[in-house]
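Any read-out appearing in this document is the output of simple, stated calculations on the displayed coordinates, not a laboratory observation. Values in this document were obtained by computation on a predicted structure and should not be read as measured data. Neighbour counts are summed over all protein chains in view; Cβ atoms, including those assigned to glycine, are modelled from backbone coordinates with ideal geometry.
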Amino acid sequence: MDIDILKSYIPLYKDALFLTMKIGWQGILLSLVLGLAGAAILHFRIPVLKAITGIYIEIFRNTPLLVQLFFIYFALPKVGIRITAETCGVLGLGLLGGAYMIETIRSGLESIPVIQTESALSLGMTKEQTFIHVILPQAISMSVPGLLANVIFLLKETSVFSTISLMDLMFTAKDLIGMYAKTIECLFLLVVFYLIMLLPVSILGSIVERRMRYGQFGD
Amino acid sequence: MRNKLLRRLSSGLLITAVVAASFTACGSKEDAGATTETASAESNEDSTSDASSSAGFRTLDEIKESGTINIGVFSDKSPFGYVDENGEYAGYDVYFAERIGKDLGVEINYVSTEAANRIEYLQTGKVDIILANFTVTEERAEEVDFALPYMNVALGVVSPSDAVIESLDDIGADDQVIVISGTTAETYLTKNYPDIKLQKYDAYAEAKTAFENGNGVAWANDNTEVIAFSLENEGYTVGIPSLGDNDTIAPAVTKGNETLLTWLNDEITSLGDEQFFHADYEATLLDTYGADYEDTLVVEGGKVQ
């Protein structure tokens, strides 16, 4: 491996890392919002919205991100809806992640014994109060491992962004290989930069997981 | 808790170290192979007949023996290498590939390539020959061996007719130019016009769709390709028909595969006697370009006029 080549490529990889993280975090934030909203809809069994949420989950969980991005980026402009590649990336990631987040949070909600809802209601709390102050905090703490797995999954999914011309880590590597054919150096940096991005998330995750355990009640 | 964290951290570091070590090992092995031929000859004593396969390519004899040749072509670059309505490979490059198969007396296994992985496919031995509109450049010649050329090419820039780009200076600071990753257009613009913002795509099909959708002010590529695009799609004009140096397109083989390279050079030279590439042009490119471009594009017998 040639150290000088590695050094000259690092700034490009750094830009790609920032872009990947920028899109990644915005997408993850969107997916968490969608996840919470969707899980609440399913929890309260709101008539029409419940059906829509169900369809949304099935569509986005059962199609690859690549197909979703293709659709948003290449098909929507044909009918006059124009969005930038970055927005498209955030939207694609957020919508895909949302479907997964809903299911993860829902499993957390369902793991809370019904007796807690009944107790809260019998104490005079409203349905909404019960959900926000009693059920949701516990459900979130139960679903933290699943949510973290989703976050890492979504950050890795950014590697398909190359099809919509976003210079993410994967595309930067492929592009440099195509231009200068320094395969080993490029792939080495690719692995290193993915680890730089994901290891802290994984470590931070285990800390958060520990902390959140205190949120549980009754064990 | 701290123990668990420490364990997690150290395992992470370990992974990084292992990955780094394995890459370094790969790298040094390749260097050694390239610089010290004598050493590799010695280590090959046990497997004398296997010398070529360890170098990552198949010699002419091995290809003939196996009965099939792997040729890397484009599947989405009409009219040079594409899949036609019957699902068969067709185009200027493929016409030549068919002849290679016939003269070698072997079956052809077409491998679809993208611009950016053509060198990789040769270096890893996934294909024996690349016939995918591969422009000869100095950088590439360090990685693969080019045979004699069979086509001329320069770069060109196409843009919508209502906002034609006739000079690269017309491109504004916020405008984006579409290129395909791994092409000579990308390298040329990166090197000579670092301020122009490039919007890069993996494949021809995606770049075309993006350009049609208006994602960039212009599309820079081989001039053959952009001329074909403007002829096939209304409302587009090639504002810059020739950019940079005039280059040639040639078949490429894995570096060091001399038997196959020699055979290809002899083949191209002898095909010149029967004006093979003019016939190729008339069979595959005439519909797109008309007769005007025949003499500028075709290189016969490996000799550039």
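Computed from Cα atoms, the angle from the helix A:169-180 axis to the main principal axis of chain A rounds to 10 degrees. Taking the Cα centre of the stretch B:185-305 as origin and assigning +1 to Lys and Arg Cβ atoms and -1 to Asp and Glu Cβ atoms, the resulting dipole is close to 680 debye.
For the pair A:GLN116 and B:ALA279, a Förster radius of 60 Å applied to the C-beta separation gives a FRET efficiency near 0.15, rounded to the nearest 0.05.
Rounded, prolate or oblate: which fits chain A, taking a ≥ b ≥ c as square roots of the Cα gyration tensor eigenvalues, rounded meaning a/c under 1.5, else prolate when a/b beats b/c? Oblate shape, in that a/c is at least 1.5 and b/c is the bigger or equal ratio.
Quick one: length gained pulling B:THR262 to B:ASP175 fully straight, 0.36 nm per residue minus the C-alpha distance?
26.7 nm
Given A:ASN150, A:ALA37, A:THR172, which one lies farthest toward the positive end of the charge dipole of chain A, if we put +1 on the Cβ of every Lys and Arg and -1 on the Cβ of every Asp and Glu? Comparing the listed Cα positions along the dipole, A:ALA37 ranks first.
Stokes-Einstein diffusion for the protein assembly as shown, with the hydrodynamic radius set to the Kirkwood value over Cα pairs and evaluated at 20 °C in a medium of 1.002 mPa s, equals 81 µm²/s. Report the paramagnetic label zone for A:LYS127: residues of the stretch A:9-53 whose backbone N is under 11 Å from a point 7 Å from Cα along the Cα-to-Cβ axis. Those under the cut-off are A:43-47. Based on Cα atoms of the stretch B:142-286, Rg over Rh with Rh as the Kirkwood radius reads 1.04.
Here the label points at B:ASP162 and A:VAL208, each 7 Å from Cα along the C-beta direction, are separated by 4.7 nm in the simple model. Computed over every Cα-Cα pair of the stretch A:85-172 and binned at 10 Å starting from 0, the pair-distance distribution P(r) comes out as 16, 33, 23, 16, 9, 3 percent.
Would you work out the charge dipole size for the stretch B:84-156 about its Cα centre, treating the Cβ of every Lys and Arg as +1 and the Cβ of every Asp and Glu as -1, and quote it to the nearest 20 debye?
100 debye
Identify all lysines with a Cα-Cα distance to B:LYS64 below 25 Å; exclude those on the same chain that are fewer than 8 residues away in sequence. Result set, ordered by chain and number: B:LYS102, B:LYS126, B:LYS255. In this simple spin-label model, placing a label point 7 Å from the Cα along the Cα-to-Cβ direction at both B:ALA205 and A:LYS78 gives a separation of 1.2 nm. Within the stretch B:82-117, which residues have the backbone N less than 13 Å from the label spot 7 Å out from B:SER270 along Cα→beta-carbon, could you tell me? Zone members listed by number: B:100-105. Peptide A:168-180 is shielded by partner chain Cβ atoms: per residue, an average of 5 of them sit within 10 Å of its Cβ. The distance between label points at B:GLU232 and B:LYS191 comes to 2.8 nm (points 7 Å beyond Cα on the Cα→Cβ vector). Cross-link check: pairs A:LYS182/B:LYS191; A:LYS78/A:LYS174; A:LYS7/B:LYS191; A:LYS22/B:LYS208; A:LYS50/A:LYS156 evaluated at a Cα-Cα cut-off of 21 Å; pairs beyond the cut-off: A:LYS78/A:LYS174; A:LYS22/B:LYS208; A:LYS50/A:LYS156.
Relative to the Cα centre, the charge distribution of the stretch A:3-215, modelled as +1 at Lys and Arg Cβ and -1 at Asp and Glu Cβ, gives a dipole magnitude of about 120 debye. Around the amide H of B:VAL299, modelled in the peptide plane, lie the amide H atoms of B:MET151, B:ASN152, all under 5 Å away and 5 or more residues distant in sequence or on another chain.
Helix A:47-61 against the longest principal axis of chain A: what's the angle in degrees, Cα atoms only, rounded to the nearest 10? Once rounded, the angle reads 30 degrees.
Could you identify which residue out of A:VAL79, A:VAL201, A:VAL67 has the top mean-square fluctuation in a GNM of chain A using Cα springs shorter than 10 Å? Result: A:VAL79 has the largest fluctuation of those listed.
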